[in-house]
1. Can you tell me how many residues in the stretch 387-414 are in contact (Cβ under 8 Å) with a residue 24 or more places away in the chain and among the aliphatic types (A, V, I, L, M)?
2. Looking at (1) out of contact with any helix residue (DSSP H, G or I) (no Cβ under 9 Å at 6 or more places or on another chain); (2) of a type in the set (G, A, S); (3) more than 21 Å from E447 (Cβ to Cβ), which is the only condition A102 fails?
3. Looking at the structure I just gave you, is G323 buried (at least 17 other Cβ atoms within 10 Å of the Cβ) and either modelled with pLDDT under 95 or closer than 19 Å to Q354 by Cβ (or both)?
4. What pairs can you find where one residue is in the stretch 275-302 and of a type in the set (S, T, N, Q), the other is assigned to a helix (DSSP H, G or I), and their Cβ atoms are less than 7 Å apart, with a gap of 6+ or different chains?
5. Give P109, P116 a once-over and let me know the one that is surrounded by fewer than 23 Cβ atoms within 10 Å (Cβ to Cβ) and either among the aromatic types (F, W, Y) or assigned to a loop (DSSP other than H, G, I, E, B) (or both).
6. Since P413 meets every condition but one in (1) of a type outside the set (D, E); (2) on the phi > 0 side of the Ramachandran plot; (3) touching a Phe, Trp or Tyr at 6+ places or on another chain (Cβ under 6 Å), which condition does it not meet?
7. Could you say which residue among T219, T187 is farther than 30 Å from V388 by Cα, hydroxyl-bearing (S, T, Y), in contact with a Lys or Arg (Cβ under 9 Å, 6 or more places away or on another chain) and touching a residue at least 60 places away in the same chain (Cβ under 8 Å)?
8. Output the residues belonging to the stretch 14-34 that are in contact with a Gly (Cβ under 6 Å, 6 or more places away or on another chain) and outside any helix (DSSP H, G or I).
Amino acid sequence: MSVQTPDTAYAATDLARIPGLVSGVRYGFELGITRPAAWRREQLTRLRNLLIGREKDFEAALQRDLGKSATESQLTEIGFLVVEIDHALAHLASWMRPRRVAPPLALQPATAKVLPEPLGVVLVIAPWNYPLMLALSPVIGAIAAGNTVVVKPSELAPATSALIAKLLPDTLDRRAVAVVEGGVEETTELLAQRFDHIFYTGNGRVGRIVAHAAAEHLTPTTLELGGKSPVFVDGTVPLAEAAKRIVWGKFLNAGQTCVAPDYVLAESAVLRALIPHLRDAIHELYGSAIARNPDYGRIVNARQFERLESYLAQAERDPAAFGEIVAGGERDPESLFFAPTVLARVPAEAPVMQEEIFGPILPLVEVRDLDAALRLVSSRDKPLAAYVFSDDQATRARWERETSSGALNFGVPVLHLSVPGLPFGGVGESGMGAYHGELSFRIFSHEKPVLSKPLVPDTLAATIMPPYTAGKDSLVRTWLRRIL
């Protein structure tokens, strides 16, 4: 199974070309080519045809970068994008339609509406863990809303980045879409340019850099970050079924998913009963020779592998302080294979519990009761998602009422991303702004209010314009104040 290492060279766009590329797509926007609905539909259809027509090439690139199977690439990247495009095409007319608003009686006769208009030039900065889907999903919304786009794929997924850079400008309107490849220098140069919206997916450290750069131009941002998404399990649910769903959500893409379950909270008796079910679920999903299973991915590079390795090295050295390996633990730095691993009896203050794991390690943390679980989650940064496995309605209600997270799922992890009508995004440290479905159109649009009032009859002179007579004063204090 071939996986790129950090030593793999990636293509980079000449720094001197970047200002010209941004200026070029801005000129395309100023020409007005992106505004017609027909243009937007054509671009979305072209992108759909590209994803389907070159799916084998995309599958190969994703396999090379992350060891993804073709099926997983379809499920989480290629097919996901096709469905998103189909949804946008089906609803684009209604999204673009002005929304009528009723003016108050005091302003009659008048008409009012909200007109969605494109913001202008959008910058999309994509991460490496879902390098195709998270590069193109925001592009779908930006194009649907009538913007031009500059896409910066992740240099840590070089095969996918190169394919996007090769195919996207040849498929879409070059006057409106550009791709910039590279690393820190190229991203820094991009952030020095003026954009009308910046969409960044990644970690909080870089998110702060993006937000700071955007502030120089007063550019609005959408920051899709991450965090430690907790799982709570109690004894009211069938544990075998819960374990299988937790294992699937956690070890999808070898745990390198921003909304993956990060750790499990439960009472001690529940955790003891859950462990054998987690082992069984790992075996059922990935078999007994996981290192040779093409359905299981790889860690993206040696640096990330070494970070994950340090957690297990601590656990092997001192299980009481860092957790005990009760499933998995096998790893191979040469192939970047890291087995699905479960750590039991993990203290809440252990290093593995301090930052988002972003890999195939699942800590089990014992809590005394529901109150303790809620306190622990609420005392930390707000996560991107929280997952609750409980059939007790009072327990569910308390998670809704007493915790804050980007999303809250009962009985299943991750799948809220697949519902177009649900916003996807974080809160606090896990991000700002949300997208998917109609929201992907809205975040790249300005909702422009439009008011029209005829000059005749001139009702304003008799009501709110000077000179202010006693009658007008009475009107303002009584009738007008109630109506407006």
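The values are calculated or read from the model by the stated rules, or taken from the named source; none is laboratory data. Keep in mind that this is a model prediction, so the values were computed, not measured. So basically every Cβ, Gly included, is an ideal-geometry build from the backbone, and we count neighbours across all protein chains shown.
1. Within the stretch 387-414, the subset in contact (Cβ under 8 Å) with a residue 24 or more places away in the chain is 387-392, 395, 398-399, 402-407, 409, 411-414.
Remaining after also requiring among the aliphatic types (A, V, I, L, M): 388, 407, 412, 414.
Result for the stretch 387-414: 4.
2. (3)
3. Values: buried (at least 17 other Cβ atoms within 10 Å of the Cβ): yes; either modelled with pLDDT under 95 or closer than 19 Å to Q354 by Cβ (or both): yes.
Yes.
4. N293/Y286
5. Values: P116 fails: either among the aromatic types (F, W, Y) or assigned to a loop (DSSP other than H, G, I, E, B) (or both).
When all the criteria are applied, what remains is P109.
6. (2)
7. Details: T219 fails: touching a residue at least 60 places away in the same chain (Cβ under 8 Å).
Just a single option satisfies the conditions, and that option is T187.
8. Once the filter is applied, which keeps residues that are in contact with a Gly (Cβ under 6 Å, 6 or more places away or on another chain) and outside any helix (DSSP H, G or I), the stretch 14-34 yields only T34.
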